[in-house]
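This report concerns only the one structure given below.
The values are calculated or read from the model by the stated rules, or taken from the named source; none is laboratory data. The shown structure was predicted, so the numbers you read here are calculated from the model rather than taken from an experiment. Cβ sites come from the backbone with ideal geometry, for glycine too, and all protein chains shown count toward neighbours. The protein model used for the area step is the full one, side chains on, heavy atoms only, and it has no ligands, DNA or RNA in it. Shrake-Rupley method; radii C 1.70, N 1.55, O 1.52, S 1.80 Å.
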Amino acid sequence: MNAESPWAPLRRRMFLILWLANIGSNIGTWMQTVGAQWFLVESGANAALVSLVQTANLAPSLLLGLVAGVLADAFNRRRLILGANIFAAGAAATLTVVAALGLLNPDSLLLYTFLIGCGVALSQPAWQAITPELVPRHEIRAAAALSSMAVNGARAVGPVVAGVLVSFFGPAFVFGLNAVSFLGTAIAVYV
C-alpha cells in the first residue's frame, strides 16, 4: 500500500491559502484573548471578570453552533465564511478604535469579544464542511490533521506573540492585528 504524504493537501493551492489564513486568524484570536485579559488585569478587574473573556469568546459557539451548522448546509459556505469574517473584523476594528481612544471599559470589552466570537462561531461549521471541496477524498484525513495542527499551533503561538506585543505596544495593537487577521481570511476566501 502506497501511503500518501500527510502534507499532500498543502499542494492544493486553495487549501494552502485557506489553511494559512486559518492559522493567521486563529493566532489573531488568541492574541486578542491575551490582550483582553491583559487590559482587564491592568484596569484592576477582579479574577472573575478576567475569566469572563473566555466565556464571551466561546459562548457564541455554544449559542450559535446549531444555527451555524444549518447555515453552512443551507447557504454558500464561502459566502458564509466571508460574511462572518467581515463581521468579526468589523467588531475587532471597533474594539481597536475604542481601546486606542482610551474609551474601553470592561463591559464594552466583553461585548466586543462576544461579537467577535459570534463571527467565529458562525464560520466554524462552514470551515469544517468546506475541506472536502478543496481536496480529493483520499486526502481528507490528512487535511483534517493539518487543520487540527493549525488550530493547536495557533493556540501555542498566539498567546506568546501577544504577550510580547502587548508588553511593547498595548492591548489595542493586538486587537488591531486580530481585525487584520479576519480581513486576511475574508480576502483568502474571496479569492
(request) Can you work out which of the residues in region 80-117 that are closer than 25 Å to Gly65 by Cβ and touching a Pro at 6+ places or on another chain (Cβ under 8 Å) is least open to solvent (accessible area, probe 1.4 Å)? (result) Gly117
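What residue, of Val53, Val67, is open to solvent by 50 Å² or more (accessible area, probe 1.4 Å) and out of contact with any Lys or Arg (no Cβ under 9 Å at 6 or more places or on another chain)?
On the way: Val53 fails: open to solvent by 50 Å² or more (accessible area, probe 1.4 Å).
None of the others qualify; the one that does is Val67.
For region 1-33, which positions are of a type in the set (A, V, I, L, M, F, W, C), in contact with a helix residue (DSSP H, G or I) (Cβ under 7 Å, 6 or more places away or on another chain) and either outside any helix (DSSP H, G or I) or open to solvent by 30 Å² or more (accessible area, probe 1.4 Å) (or both)? Spell out the reasoning first.
Keep residues of region 1-33 that are of a type in the set (A, V, I, L, M, F, W, C), which gives 1, 3, 7-8, 10, 14-21, 23, 27, 30-31.
Keeping just the survivors that are in contact with a helix residue (DSSP H, G or I) (Cβ under 7 Å, 6 or more places away or on another chain) gives 8, 10, 14-19, 21, 23, 27, 30-31.
Passing the criteria: Leu10, Met14, Leu16, Ile17, Trp19, Ile23, Ile27, Trp30.
Take Val53 and tell me if it is farther than 26 Å from Ile140 by Cβ and in contact with a Leu (Cβ under 9 Å, 6 or more places away or on another chain). It would help to see each step written out before you state the result.
On the way: farther than 26 Å from Ile140 by Cβ: yes; in contact with a Leu (Cβ under 9 Å, 6 or more places away or on another chain): yes.
It is true that Val53 is farther than 26 Å from Ile140 by Cβ and in contact with a Leu (Cβ under 9 Å, 6 or more places away or on another chain).
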(message) Taking the conditions exactly as written (on the phi < 0 side of the Ramachandran plot, touching a residue at least 40 places away in the same chain (Cβ under 8 Å) and touching a Lys or Arg at 6+ places or on another chain (Cβ under 6 Å)), does Ile81 satisfy them or not?
(response) no
